[in-house]
Amino acid sequence: MKLNRSTDMALRIAMLAAANPRRMTVDELSDQLDLPRNHVAKVVQRLQRLGVLVTIRGRSGGVAFAEDGGDTTVGHVVRAFEGDDEVVSCDEPACSLRAACRLRGELRRARDAFLAVLDGVTLGGLVDGPTGPVLLALGLPRPRPAPTPVAPSPGEPPLSVAPSSPVGRRAVPDPV
């Protein structure tokens with residue numbers, strides 16, 4: 001069973017908030033998880049309504065993991081974001097096998113078993129052990145790629161940096 005993008009985002013946001021002892025802004029969550037800010041804001045609102053996150057408005061506000069958020073099961077979050085839709089649609093277009101087909105029932109049973117496993121996993125349990133520190137390391141500054149050298153235009157002398165010049169000085173043309 002493939003989870004939709006919002007469910008995936010919700011689980012990652014909840015895990016990062018659970019691992020982090022301080023409040024985080026939506027911008028920080030977006031940057032650290034490399035997710036679109038607007039989507040993060042919507043998912044945070046839904047997680048707040050579920051009782052997983054607490055949001056605080058204002059200058060020193062932010063998003064924090066709810067005190068009892070660690071007891072929330074992954075199954076609860078998945079159901080809230082995925083809904084109770086059938087795994088396959090037998091109605092649009094109408095399936096001529098529907099009256100005698102057992103596939104829909106078996107897929108429903110598989111979905112229920114999948115969710116039953118997730119009902120045994122709490123958000124707090126997901127960040128125990130080595131996962132929490134890895135999540136917190138996401139907040140470290142990312143290495144920036146080295147600048148790409150720009151080739152001179154045809155007919156211009158090549159540019160070089162004088163060996164004694166400090167970093168950040170302008171490049172000067174080579175003597176011709």
Note on the range 11-54: residues among the β-branched types (Val, Ile, Thr) and under 19 Å from residue 119 (Cα atoms) are 13, 52
Q. For residue 69, are the conditions met, namely being closer than 25 Å to residue 109 by Cβ and touching a Gly at 6+ places or on another chain (Cβ under 9 Å)?
A. no
| said: Going residue by residue through the range 74-85, is there one that turns out to be among the basic types (Lys, Arg) and either closer than 22 Å to residue 121 by Cβ or modelled with pLDDT of 90 or more (or both)? | reply: yes
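The values are calculated or read from the model by the stated rules, or taken from the named source; none is laboratory data. Just so we're clear, the structure is a prediction, and the values are computed from it rather than from any experiment. Virtual Cβ from ideal backbone geometry, glycine too; neighbours counted across all protein chains shown.
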